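Step one of this worksheet: look at the structure below.
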Amino acid sequence: MRIALGGIAIESCTFSPLPSRLSDFTIRRGAEFLDRYPFLDHYARRAEFAPLLYARSIPGGSVEPDAYAAMKHEYLDLLRAQGPWDGVYLDFHGAMHVRGMDDAEGDWVTAVREVVGADCLLSASFDLHGNISQRAVAALDMLTAYRTAPHVDVIETREKALRMLLDCLDRGVRPQRVWIPIPVVLPGEKTSTEWAPGDRLYAALAESDAAPGLLDISLLVGYVWADEPRASATVIATGTDRAVLEREAKKVAQRYWDARHEFQFGVPAGSIDECIEWALAAPEPCVFISDSGDNPTAGGAGDTTVALAALLRRGAPSAVVASIADAPAIDKMLEAGVGAEVEVELGGKLDPITCRPLPVRGVVRHLAPGDNTEAVLQIGGVHVIVTARRRPYHFVADMRRLGLEPLAHKIVVIKIGYLEPDLKRHAPRAFLALTPGAVDQAIERLPFQRIQRPIFPLDKDMTWSPG
Ligand SMILES: [Zn+2]
């Protein structure tokens, strides 16, 4: 059997001022992306795998149409040139938005189907933060999605999508799908699988796994910062017994709907000023605060200064801020050198609605030149990490590398939503600041226009049952 591998992944925040361009994507071709599938050797006797193209970008704004077209056409050309195929595995995220086009993954899958024909089986894997349309589900034969957030079942999920594909090909099975959109959109910070009700709802999927005639049941919480009609939670059941698929999918959808009022942030949440007050009053020597509205790994611009301004206003005695993206400020700090005092108009240049540049004077404490140069600017007791381009700080080691010991500071502000595992392990205590930005966690503040209404929690009193 011959199986094509490839795909595309980006989380596109339609509220972000930053368009995602071709240069934002890392495109790997052929064997360059085989490291995504460390389990392939295990299946080598059953099939020949042909890696075509895999494109991935850090979350950002809507993808430029030219960039999308270039990647799609290159992938399709490879698919055409190297065929025919028994199966195609599509390695997706699921929350891509292309400017002027809704349902980009649906467009990609439909184009693949046109190339490979009706007999070829298509399997896909998704992030549970994907928004999955009926069109995408109809063009695929089977799919699966992560069951953990933070995501710790990434490799297992890819392997499951591929294993299902091989098993169906071996057995000559063409699965059916049942797709149920649930009119609920909630941020990932409330739908983590580490606490209730997410932990319980995802654990309960195991009950459906045991149902005969069911190959996979996936529950996607969706991606809330995409103002497009398909944005919602979904349940997709894949298998051979339609009645079983309907029964299990309805059960899962109803459970999710019934739990909608229970979703909450995993740590106390408040305004940035409240979080700073709570942190200063906390008995712990160090408190982490998520600057959640500008989280670059959800699509934030990464350059808002709301949290820094609040720390300076409050006269915070000892804090780290990770981070603010500002290429001109980096140039100025590189020119000045370590130990020099500089004056800069920091950040706040990308999204004038939520932020303005903040004039600051500080001392350059560290410079790490490179592809994405990082620097540390000390302003009073506050150490700010400045980067040429936005990037996440998901590991304490990322800050130690820059000469900072975050745990020695009373407050560590990070542009992030829920703390990623390494940060969570280190943080003696954590709060989530509901800061403004493209990925505002207070979603009722966002200017939704195109999402399908009614939808919870924008329409709090709506009623619904899975059809
Ligand atoms: Zn995700």
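The values are calculated or read from the model by the stated rules, or taken from the named source; none is laboratory data. Bear in mind that the values here come from a model prediction, so they are computed numbers and not experimental data. We place every Cβ from the backbone using ideal geometry, glycine too, and count neighbours over all the protein chains shown. Accessible surface is based on the protein model in full, side chains and every heavy atom, while ligands, DNA and RNA are left aside. Shrake-Rupley method; radii C 1.70, N 1.55, O 1.52, S 1.80 Å.
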| task | Could you tell me the distance between the Cα centroids of the range 258-319 and the range 334-366, to the nearest Å? | result | 21 Å
| Antiparallel bridge percentage (DSSP; both residues within the range 269-442; nearest 5) | 45 percent
| Taking a ≥ b ≥ c as the square roots of the eigenvalues of the Cα gyration tensor of the range 269-442, is the shape rounded (a/c under 1.5), prolate (a/b larger than b/c) or oblate? | rounded
| remark: Whole-Å distance linking the alpha carbon centroid of the range 100-132 with that of the range 203-250 is 17 Å
| Nitroxide proxy distance, nm - points 7 Å out along Cα→Cβ at Glu74 and Asp199 | 4.3 nm
| said: Quick check for you: with a 1.4 Å probe and neighbouring chains kept, what is the accessible area per residue of the range 2-262, in Å²? | reply: 35 Å²
| remark: Over 19 Å (Cα to Cα) among Lys349/Lys415; Lys190/Lys415; Lys160/Lys251 -> Lys160/Lys251
| field | Ratio of Rg to Rh over the range 118-195 (Cα coordinates, Kirkwood Rh, two decimals) | value | 1.01
| message | Let me understand the chain better: what is its radius of gyration from the alpha carbons, and its Dmax, in angstrom? | response | 23.0, 71
| query | Using the Cα gyration tensor of the range 2-262, with a ≥ b ≥ c the square roots of its eigenvalues, what is the shape: rounded (a/c below 1.5), prolate (a/b larger than b/c) or oblate (neither)? | reply | oblate
| query | Which percentage, to the nearest 5, of the DSSP beta bridges contained in the chain is antiparallel? | reply | 45 percent
| request: Only bridges with both residues in the range 2-262 count here: give the DSSP antiparallel percent, nearest 5. | output: 45 percent
| request: Sticking with the crude label model, points 7 Å out along Cα→Cβ, report the distance from Glu335 to Phe39 in nm, one decimal please. | output: 5.3 nm
| Protection proxy ranking, peptides 370-379, 84-93, average beta carbon neighbours within 10 Å, highest first | 84-93, 370-379
| Where a Cα-Cα gap under 12 Å defines reach, which aspartates and glutamates qualify for Lys72, not counting those fewer than 8 residues away within the same chain? | Glu105, Asp107
| note | The whole-number value in µm²/s of the Stokes-Einstein translational diffusion coefficient for the range 205-311, with Rh from the Kirkwood sum over alpha carbon pairs at 25 °C and 0.890 mPa s, is 140 µm²/s
| Rounded to the nearest 500, what is the chain's calculated 222 nm mean residue ellipticity when only DSSP H runs of at least 4 contribute -39500 (n - 2.57) each, over all residues? | -8000 deg cm²/dmol
| field | With every protein chain in place, the range 2-262: carbon and sulfur % of accessible area (1.4 Å) | value | 51 percent
